[in-house]
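The values are calculated or read from the model by the stated rules, or taken from the named source; none is laboratory data. What you see is a predicted model; the values in this text were computed from it and never measured. No Cβ is skipped: glycine too gets one built from the backbone with ideal geometry, and neighbour counts run over all protein chains shown. Just so you know, the surface numbers come from the protein's heavy atoms only, side chains and all, with ligands and any DNA or RNA stripped out. Shrake-Rupley method; radii C 1.70, N 1.55, O 1.52, S 1.80 Å.
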Amino acid sequence: MDQETLGSIVLLAIVTLISVVQNAFFASKLEHESKHCNGKGFQRPGSSAFDRVYTANQNCGHAYPTFLAVLWCAGLLCSQAPAAFAGLMYLFVRQKYFVGYLGERTQSTPGYLFGKRIILFLFLMSVAGILNYYLIFFFGSDFEVHIKTITSAISPLLLIP
């Protein structure tokens with residue numbers, strides 16, 4: 001793989017690998033809680049602490065494929081740096097959601113809502129990249145520079161709660 005191609009995906013790969021480590025952390029918390037509740041290994045004993053960890057892990061796992069799809073689509077079709085930044089923000093919010101779910105379930109709501117907003121941003125970046133491709137294909141108009149400028153300017157706004 002040449003350096004130019006690698007340079008266009010390296011940030012996305014880093015965010016993906018960080019998300020894998022985060023998934024391993026979630027799985028280890030689930031395993032620890034399972035062993036702590038009944039001492040026999042991974043079983044669903046029905047304790048409220050285990051149920052909270054199990055549900056938080058399941059919820060994070062269900063959203064994971066969507067996150068990866070829009071992260072890579074936004075990064076490849078639109079702009080790598082804003083997509084990677086949004087991906088890191090999503091991982092931070094997902095951590096907040098997971099930890100919040102372990103306490104009171106209402107503590108997880110801000111993380112959930114913020115995560116939805118980040119997924120929407122990545123989705124819109126992907127759509128903008130696809131539209132730009134078809135504008136080039138059919139009309140010869142390339143708005144890539146404008147789209148990258150807009151997404152780079154908007155991505156820091158994701159920090160606003």
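Quick grid of which residues meet (1) at pLDDT 95 or above; (2) farther than 17 Å from Leu102 by Cα; (3) buried (at least 17 other Cβ atoms within 10 Å of the Cβ):
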| position | (1), (2), (3) |
| --- | --- |
| Gly7 | no, yes, no |
| Val10 | yes, yes, no |
| Phe26 | no, no, yes |
| Gly41 | no, yes, no |
| Arg52 | no, no, yes |
| His62 | no, yes, no |
| Cys78 | no, yes, yes |
| Pro82 | no, yes, yes |
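Output yes when any residue across the stretch 131-142 is assigned to a helix (DSSP H, G or I) and charged (D, E, K, R), and no when none is. Within the stretch 131-142 (the criterion being assigned to a helix (DSSP H, G or I) and charged (D, E, K, R)), the answer is no, since none of the residues qualifies.
Within the stretch 102-128, the residues that satisfy the criterion of being loosely packed, with under 14 Cβ neighbours inside 10 Å and under 24 Å from His32 (Cα atoms) are Gly103, Glu104, Arg105, Thr106. Being under 20 Å from Thr16 (Cα atoms), out of contact with any His (no Cβ under 9 Å at 6 or more places or on another chain) and either among the basic types (Lys, Arg) or without any contact (Cβ under 8 Å) to a residue 40 or more places away in the chain (or both) holds for only one residue in Phe85, Phe92, Phe137, and it is Phe92. Mind checking whether some residue in the stretch 105-117 is of a type in the set (A, V, I, L, M, F, W, C), more than 16 Å from Ile9 (Cα to Cα) and in contact with a helix residue (DSSP H, G or I) (Cβ under 8 Å, 6 or more places away or on another chain)? Among the residues of the stretch 105-117, at least one is of a type in the set (A, V, I, L, M, F, W, C), more than 16 Å from Ile9 (Cα to Cα) and in contact with a helix residue (DSSP H, G or I) (Cβ under 8 Å, 6 or more places away or on another chain), which makes the answer yes.
Of all residues in the stretch 112-128, those that are closer than 21 Å to Gln95 by Cβ have Cβ atoms under 7 Å from Cβ atoms of residues that are open to solvent by 40 Å² or more (accessible area, probe 1.4 Å), 6 or more apart or on another chain, in Phe114/Pro161; Ile119/Thr66.
Starting from residues that are at pLDDT below 85 and surrounded by 13 or more Cβ atoms within 10 Å (Cβ to Cβ), keep the ones in the stretch 129-146 and report whichever is farthest from Phe92 (Cα to Cα). Only one residue fits best here, namely Phe143.
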